[in-house]
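The values are calculated or read from the model by the stated rules, or taken from the named source; none is laboratory data. Keep in mind it's a predicted model, so treat the numbers as computed, not measured. Reconstructed Cβ throughout: ideal geometry from the backbone, glycine too, with neighbour counts over all protein chains shown.
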Amino acid sequence: MSKVRVRYAPSPTGPLHIGGARSALFNWLFARHFGGTMLVRIEDTDLERSTREAEELILDSLRWLGIDWDEGIDVGGDHGPYRQQERLALYKPYTQKLLESGHAYECYCTEEELEAERQELKARGELPRYLGKCRNLTAQEKEKYIAEGRKPVIRFRVPDGKKIVVDDLVRGKVEFDSDGIGDFVLVKSNGLPTYNFAVVLDDALMEITHVIRGDEHLSNTPRQLLIYQALALPQPQFAHVSLILGEDRSKMSKRHGATSVLQYREDGYLPEALINFLVLLGWSPEGEQEIFSVDELIEQFSLERVSKSPAVFDMNKLKWMNAHYLKALPLADLTHLCLPHLEKAGLITKETAETDLPWLEAAVDAVREKMEYAAQAPELMRVFFGDTVLLDKDNEEVKQTLSLNTTKQVISALQQRAGELTSWDSATVRKLLKEIGKEIGVKGKALFMAARIAVTGQSHGPDLNSVLTLIGPKRAALRAKSVLDQL
Ligand code: GLU
């Protein structure tokens, strides 16, 4: 294979979404597998919708995922510029060439005329497309239009009755009929190229060898092939990766889970987990293995194992995978990931995050088994904060425990004895509970559930010993008192 050059070519119209991240990832893995070049090109010819903020957000998300590139707006390269708006002068000679060879022509139709044509075709039950009214304008006709103040677009003259075959590395041979295409626009009336035109010129000039992108672009590919042929430009190989669907098999949308990569970052997902999850949306390894390091992915990734059937976005699998990576994280790192969430929830401040760090680490450790993503930290750890608790009186298990006449005794004893203690660790806690049980003559569930209710107000939560150890004697006594007050 000639030296692989691939690109990820986002339109900077919003944050990086899951589908885009997967395209970037597949390109990147492919490039790294073959020791090739990965470039990022910004496709910003849609002036109304493109912003520099979106551009930054996309690049930031890619960096966060650990996807890097060898050529691009920030790192440079000798095939630049890498922003389409800065390449307009490069496109001009090709437009000229197509006009001169008759592969393109100026079209002066107004939006109203085009709309009328679309409606007419629709009424006849035909595919709406441009039928070529301006294909053979005379010089006089053109002058008349210009005198009326009309600004032309430049259209590609699609040959009639031709089969166009996209030989796709994932989809195989896909045939298109040129008659269904209609003469499409290459250059808009504002002088800017359309996506189909710019993408071909850029891919050719940037010497891209493989175009790996989402399935939604497959229908654009015959148009692009026509341009390659008309300009006698070398064609890259295409690989169209299937759509990502939600669990109900409709196109992935916000209903199925966050679609923006940044949202996952904010929710406390790890980039390694997201990469591992994304790669399996379309690519399948040879064996049963599901957890892959990035190095393993680079070694094993191939387009041959990219499926042409749609991938289903399984949120629970992503959570499971993230939980797996969170478990492997050193406690200090995991705690660090949880701190902003605890702060946002008002459970800690910037200061207490520093002064109480060892305690916070222990608290994170007590819930890490249950944590799927770091934004769950406040919900899982709330039980360790506060001097009072709210008694969950509606809970069946709480009700049942409260109906035992030993329960109140346990709570009172806990309040009193904890209040007397000064040193406190897991062993003291165990001993204390044992003594209370002995004194009142209660053990097992009746004892432990009563103690749990005394310090949490609830029937469930993290391991009782961890809760007691973490909240300490003073807080245990205060909480028990608050529960007694609610009885
Ligand atoms: N700018 C296009 C998009 O964001 C890229 C399509 C392509 O990769 O050719 O969908």
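Quick notes on this one:
- Given (1) more than 27 Å from Leu464 (Cβ to Cβ); (2) buried (at least 18 other Cβ atoms within 10 Å of the Cβ); (3) touching a Leu at 6+ places or on another chain (Cβ under 7 Å), number of the condition Leu318 does not satisfy: (3)
- Restricting Leu225, Leu205 to residues that are crowded, with 18+ Cβ neighbours inside 10 Å and not small (Gly, Ala, Ser) narrows the list to Leu225.
- One residue stands out in the stretch 24-36 among those that are part of a helix (DSSP H, G or I) and in contact (Cβ under 8 Å) with a residue 60 or more places away in the chain: the one that is nearest to the ligand (Cβ to nearest atom), namely Asn27.
- Check on Glu43, within 13 Å of the ligand (Cβ to nearest atom), more than 22 Å from Leu233 (Cβ to Cβ) and acidic (Asp, Glu): no
- Within the stretch 177-252, strands (runs of 3 or more DSSP E) holding 2 or more residues that are within 15 Å of the ligand (Cβ to nearest atom): 210-214, 237-241
- Considering the stretch 271-306, and only residues there that are outside any helix (DSSP H, G or I) and in contact (Cβ under 8 Å) with a residue 60 or more places away in the chain, the residue that is surrounded by the fewest Cβ atoms within 10 Å (Cβ to Cβ) turns out to be Ser302.
- Count of the stretch 1-23 residues which are part of a helix (DSSP H, G or I) and within 10 Å of the ligand (Cβ to nearest atom): 3
- Residue match in the stretch 244-255 (condition: among the β-branched types (Val, Ile, Thr) and closer than 27 Å to Gly35 by Cα): no
- Whichever residue in the stretch 422-459 is touching a residue at least 12 places away in the same chain (Cβ under 8 Å) and part of a loop (DSSP other than H, G, I, E, B) and, among such residues, is farthest from Asp387 (Cα to Cα): Gly441
- Entirely in the stretch 344-413, the helices (runs of 4 or more DSSP H) that have 1 or more residues that are within 38 Å of the chain's Cα centre (by Cα) and surrounded by 20 or more Cβ atoms within 10 Å (Cβ to Cβ): 357-367, 377-381
- The stretch 295-339, residues that are farther than 27 Å from Ser253 by Cα and of a type in the set (D, E, K, R): Asp295, Glu296, Glu299, Glu304, Lys327, Asp333
- Wholly within the stretch 41-159, helices (runs of 4 or more DSSP H) carrying at least 1 residues that are basic (Lys, Arg), at pLDDT 95 or above and loosely packed, with under 15 Cβ neighbours inside 10 Å: 52-65, 88-100, 139-147
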